[in-house]
Amino acid sequence: MLAIVALPAIGQAAPALRPDMVRSLEAMQQRLSEGETADVATRSRAAAERLEGGNAADRWARALFLQLAATAEARMGNDVQAADLFAIARGIAGVDEAQRLRWLNQEARLRLRAGQAEQGGELLESWLAQASGQAEASDYWLMAQQLASQSQWQAAAEWVDRARQVGNAAGNERLDLAASIYQRAGRNDVALALLDERLSRGSDAPEAWRRAAALAQRLGYAGRAAALWDAAWRQGVLTSSEDLRQLVRLHLSGGTPARAAEYLEQAWEEGTLPRDEANMRLLAEAWTAAKSRDRALEAWRALAERTRAGQDWQRLGELAYGWGHWQVAINALAKARETGGEAARAWLLEGVAHVELEEPEQARQAFRAARQAGASQAEAWLAVLDGGEEPTSR
């Protein structure tokens, strides 16, 4: 609501007003304070019209009547009419500069409130250029918001900078606005810092958390994205099964795979996520990334038994081989061959595993099969079994 601008004291008004004119203005202001807005708007307009073309004192009185009419119109929600009246008032010859600036500010705000963004923005910018230290942080925020409404993101970001310099403390609404403007202007690190500040104050808006995590991810801060999503999940802001799956994926990419696995297993226990192929694969990948060997091998074995896919048995065999679980590797690689895995490599690795288990005959059989399947190193391993040197690469 637009506040009533107090009339200047008679002794300070220049030029001086006649006593009857002062009484008329004061009576009109009294009616306005008592809520007679429509009557004040009509009577003040009429008085201003009668004074048009008069002397300096009449022009000053006319400007004050227009101010009263404008305030009354604004109180009735007629923002455009009010702005037009302030425009006329500030254009009257003889109005002092300080008063003219006050009316310029009010006209600008009214036009912005009425949706006249371009005109209102120009007037507000003009006022800011002339205000000489009178501007407050709220004025800069208003300018930034107006430019943002026209998608002028770079210019809006500059006004946000000024607003934060004048008064860095900002409410949640302004932090949201600033973060949005900075992000659109390409200043993503600043945007993320403001989003962090906003969320640290508490927010139950899921989109705010999602937006912050997505921005962190875009900037390459995978761990930060995971931490944000985790905080939202623990606070009960994000609750869906897809939110949980995203939390698992973020922990995987953010360098905390064990947390991803723990969340998955807990979800299965609670029945919030199905133990389906996709989630079983996520679990296997999570324990593998966490280098929790026994859990990883068990997860891959469970997945391979579920899918019966050669590539999954092959993956289990390769991991077991790499970690020195020779018998697990042998069993998994045999399954891989049976279900469409890489036969040549499976036979070769199986042969090496038998060597490690000191089972030369089984190793020879595996290497012969590997040679027949096209594995180039099989011949060298057969030579080893016959007393040659072990190949330099397995």
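The values are calculated or read from the model by the stated rules, or taken from the named source; none is laboratory data. Here the structure is a predicted model, which is why all the values come from computation and not from measurement. Neighbour counts run over all protein chains shown; Cβ positions are idealised from the backbone, glycine included. Side chains included, ligands, DNA and RNA excluded: accessible areas come from the protein's heavy atoms. Shrake-Rupley method; radii C 1.70, N 1.55, O 1.52, S 1.80 Å.
Overview of results
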{"item": "Only listed residue being over 51 Å from the mean Cα position of the chain (by Cα), assigned to a helix (DSSP H, G or I) and surrounded by fewer than 19 Cβ atoms within 10 Å (Cβ to Cβ), chosen from Gln327, Gln362", "result": "Gln362"}
{"item": "Residues within region 146-170 that are in contact with a Ser or Thr (Cβ under 9 Å, 6 or more places away or on another chain) and not in a helix (DSSP H, G or I), tallied", "result": "1"}
{"item": "Within region 334-351, tally of residues that are more than 14 Å from Ser376 (Cα to Cα) and either aliphatic (A, V, I, L, M) or open to solvent by less than 30 Å² (accessible area, probe 1.4 Å) (or both)", "result": "4"}
{"item": "When residues of region 278-296 are limited to those that are assigned to a helix (DSSP H, G or I) and of a type in the set (D, E, K, R), the one most open to solvent (accessible area, probe 1.4 Å)", "result": "Arg295"}
{"item": "Tabulated pairs, region 34-46, first touching a residue at least 24 places away in the same chain (Cβ under 8 Å), second open to solvent by 40 Å² or more (accessible area, probe 1.4 Å) and assigned to a loop (DSSP other than H, G, I, E, B), C-beta under 6 angstrom, 6+ apart or interchain", "result": "Thr37/Met76"}
{"item": "Flag for Leu195 being free of Cβ contacts under 8 Å to residues at least 40 places away in the same chain and either part of a helix (DSSP H, G or I) or of a type outside the set (A, V, I, L, M) (or both)", "result": "yes"}
{"item": "Count of region 259-277 residues which are touching a helix residue (DSSP H, G or I) at 6+ places or on another chain (Cβ under 8 Å) and part of a helix (DSSP H, G or I)", "result": "9"}
{"item": "Failed item in (1) open to solvent by 10 Å² or more (accessible area, probe 1.4 Å); (2) touching a residue at least 40 places away in the same chain (Cβ under 8 Å); (3) within 21 Å of Gln146 (Cβ to Cβ), with Arg75 passing the rest", "result": "(3)"}
{"item": "Which listed residue, of Leu124, Leu142, Leu147, Leu128, is under 22 Å from Leu101 (Cβ atoms), open to solvent by less than 10 Å² (accessible area, probe 1.4 Å) and at pLDDT 90 or above", "result": "Leu124"}
{"item": "Selection from region 207-258 of residues that are of a type in the set (Ser, Thr, Tyr) and either in a loop (DSSP other than H, G, I, E, B) or within 13 Å of the chain's Cα centre (by Cα) (or both)", "result": "Tyr221, Thr239, Ser240, Thr256"}
{"item": "Lone qualifier among Ala82, Ala93, Ala57 - being of a type outside the set (Phe, Trp, Tyr) and crowded, with 18+ Cβ neighbours inside 10 Å", "result": "Ala82"}
{"item": "Scope region 18-28; condition assigned to a helix (DSSP H, G or I) and open to solvent by 50 Å² or more (accessible area, probe 1.4 Å); matching residues", "result": "Pro19, Asp20, Arg23, Glu26"}
{"item": "Test: Gln106 is of a type in the set (S, T, N, Q) and surrounded by fewer than 22 Cβ atoms within 10 Å (Cβ to Cβ)", "result": "no"}
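Table: residues versus (1) touching a His at 6+ places or on another chain (Cβ under 9 Å); (2) on the phi > 0 side of the Ramachandran plot; (3) open to solvent by less than 40 Å² (accessible area, probe 1.4 Å).
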site	(1), (2), (3)
Gln152	no, no, no
Glu158	no, no, no
Arg184	no, no, no
Leu195	no, no, yes
Ala212	no, no, yes
Ala216	no, no, yes
Trp229	yes, no, yes
Arg234	no, no, no
